[in-house]
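Student: I have a structure I would like to understand better, so I am pasting it below and will then ask my questions one at a time.
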Amino acid sequence: MARLTDEQARLLEEPNFATVGTLNRDGSAQLSIVWIDWDGKDVLFNTAAGRTKPRNLERDPRVSVLVVGADGYRWVAVRGAAEMTTEGADEHIDKLARKYTGEGWQPTPGEQRLLARVRPEHVSAYGL
């Protein structure tokens, strides 16, 4: 397991957007812009059941996460395997909504949220 420095982790704790890369069935890359979080050990993001990202992660849990600071000159990239759960997912998306928008999350009827947890296996960074 790789570790993030405090400065690298701070980039995830700030309201910076992340790009999450998963693998499509044919091996091509699938990229998504997401809200990102850090719990002191794992990189966390949230998605909804039925979307491409969770389907890809169920088939192949390998994932890359890139977070770029607002100035564009600081970034941290994390690679690892994602584990997804519904447990705590609604509370987590509400926390992220407050972090990024200042307001609580408004559920979409019938949508099931998923919390993705990525244990860092490889970390690289620039400007940190």
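Read-outs throughout are calculated quantities, based only on the coordinates presented, and are distinct from any laboratory measurement. Remember, predicted model here, so these are calculated numbers, not experimental data. Cβ placement follows ideal geometry from the backbone for every residue including glycine, while neighbour counts extend to all protein chains displayed.
Student: For the chain, what is the calculated [θ] at 222 nm in deg cm²/dmol (nearest 500), taking -39500 (n - 2.57) for each run of four or more DSSP H residues and dividing by its residue count?
Tutor: Mean residue ellipticity, 222 nm, calculated: -6500 deg cm²/dmol.
Student: Follow-up question, since we're still on this one. In percent, what relative contact order does the chain have, based on Cα pairs under 8 Å that are 6 or more apart in sequence?
Tutor: RCO, the chain: 31 percent.
Student: Under the 0.36 nm per residue contour assumption, what length would be gained going from the current alpha-carbon distance of R98 and R55 to full extension?
Tutor: Between R98 and R55, full extension yields an extra 12.8 nm.
Student: Can you tell me the Rg and Dmax of the chain, counting just the alpha carbons, in angstroms?
Tutor: That works out to 14.0, 42 Å for Rg and Dmax.
Student: Please state, rounded to one decimal and in Å, the Kirkwood hydrodynamic radius that the stretch 1-76 gives when every pair of distinct Cα atoms enters the mean of 1/r.
Tutor: When all Cα pairs of the stretch 1-76 are included, the Kirkwood radius is 13.2 Å.
Student: So if R0 is 25 Å, what FRET efficiency would T86 and D6 give, r being the distance between their Cβ atoms, rounded to the nearest 0.05?
Tutor: Once rounded, the FRET efficiency stands at 0.20.
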